[in-house]
Amino acid sequence: MKLFLSGSKLLLPLIIFAFTFLLHSDTLGFGLTNMDDVNMISAAEKMKDGFWPAKVFRMDISMEEPPQSPFYRPMLMSSYILDSYAASDGFFFFHLGNVIVNSLFCVLLFLFLKQAGAAEFAAFSGTVFFSLIPSLATAVAWIPGRNDSLMSVFAIASIMSFLNWIKRLKIRDIVFCQIFFLASLLTKESAVLLPFLFCAALWIKGKLGDRRYLASLSAASLVPAAVYIFMRAGASLVQISAGAFPFYKIFLVPALSWKFVSPMFAETAPVMTALTLATLIFSALMILFCLFGLLRLCGRK
């Protein structure tokens, strides 16, 4: 089914970008929350003097010596530094950056859904629905929330490049996949889950047992990961042990996923105490529904 507006390939992406931008335009006049944003903006202001690219990839997110944080996110901090050049007074350009990045992600989401086989109307509707999810507004309205939206831009671009490689078997697609994967890792550590999505893509396409595709999966995953580890090892960071992180909580996050999309009782960071039997059942049904839709959308070939 084609929309009557689809005379130009650029028209629907432009409509999505404009809609998402206008939807969050009220945030352009927002200030600070004093929750991480003050520190990040201060760090960006200090780093813009001199040749900052030589320093930003060798420091933690605080941009301080000695290091104050274990987080290594030079791509995120680079985006704030670029904002700081335009921001002479106030925080308009920092919020503008958030709105633009979020709008760009929605355009890429639409293109990804079409690439995966969704009809134009379904891809457009799904993207609009995504942009309206209340909890996701925090990634736009809160300046540090850019780490999620910027990482997602790089991540979805990496996945789209990997899907292009599966279809066309061109080396440039794997190279773009690696570049975007590395960029997403340098924005937020959550991107480490991308190789699992690459595996899912191969499984859905029925290519998981093919050695040629498995070799490409290794190239797409291991090369960026090795570069990231090398860069992180050379940076000045606060070191933490693996035992200090409560890894078990990762497995509870899907059980709270419904709170991210519910228009009622929306929470941007659901707490583990909210875990109930009803939450588990509802979330399990929602995850199964999404998996069923993904399989129907892409089909195994």
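So the values come out like this:
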| read-out | value |
| --- | --- |
| Flag if SER161 is among the small types (Gly, Ala, Ser) and within 20 Å of SER78 (Cα to Cα) | no |
| Hits in region 193-224 - residues which are more than 25 Å from MET151 (Cβ to Cβ) and surrounded by fewer than 17 Cβ atoms within 10 Å (Cβ to Cβ) | GLY206, LEU208, GLY209, ASP210, ARG211, ARG212, LEU214, ALA215 |
| Every residue from region 145-176 that is over 18 Å from LEU104 (Cβ atoms) and in contact with a Phe, Trp or Tyr (Cβ under 9 Å, 6 or more places away or on another chain) | PHE162, LEU163, ASN164, TRP165, ILE166, ILE171, ARG172, ASP173, ILE174 |
| Residue count, region 23-51 (criterion: in contact (Cβ under 8 Å) with a residue 60 or more places away in the chain and over 21 Å from VAL140 (Cα atoms)) | 0 |
| Of residues in region 110-136 being part of a helix (DSSP H, G or I) and among the β-branched types (Val, Ile, Thr), the one nearest to the chain's Cα centre (by Cα) | THR127 |
| Within region 1-31, considering residues that are of a type in the set (S, T, N, Q) and either in contact with a His (Cβ under 6 Å, 6 or more places away or on another chain) or surrounded by 16 or more Cβ atoms within 10 Å (Cβ to Cβ) (or both), the one modelled with the lowest pLDDT | THR27 |
| Hits in region 115-128 - residues which are under 21 Å from ALA18 (Cα atoms), surrounded by 18 or more Cβ atoms within 10 Å (Cβ to Cβ) and out of contact with any Phe, Trp or Tyr (no Cβ under 7 Å at 6 or more places or on another chain) | none |
| SER88 being part of a loop (DSSP other than H, G, I, E, B), in the same structural domain as PHE124 (by TED's automatic domain parsing), on the phi < 0 side of the Ramachandran plot and surrounded by 15 or more Cβ atoms within 10 Å (Cβ to Cβ) | no |
| Unmet requirement for ALA54, which otherwise passes all of (1) in contact (Cβ under 8 Å) with a residue 60 or more places away in the chain; (2) surrounded by fewer than 17 Cβ atoms within 10 Å (Cβ to Cβ) | (1) |
| Selected residue (only one of MET40, MET75 is in the same structural domain as ARG168 (by TED's automatic domain parsing), in contact with a Pro (Cβ under 9 Å, 6 or more places away or on another chain) and modelled with pLDDT of 85 or more) | MET40 |
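For every residue, the table says whether it meets (1) among the hydroxyl-bearing types (Ser, Thr, Tyr); (2) over 24 Å from LYS55 (Cα atoms); (3) within 20 Å of the chain's Cα centre (by Cα).
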position	(1), (2), (3)
SER161	yes, yes, yes
LYS188	no, no, yes
LEU208	no, yes, no
LEU222	no, yes, yes
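The values are calculated or read from the model by the stated rules, or taken from the named source; none is laboratory data. All of these numbers come straight from a predicted model, not from anything done at the bench. Note that we place each Cβ from the backbone using ideal geometry, even for glycine, and neighbour counts take in every protein chain shown.
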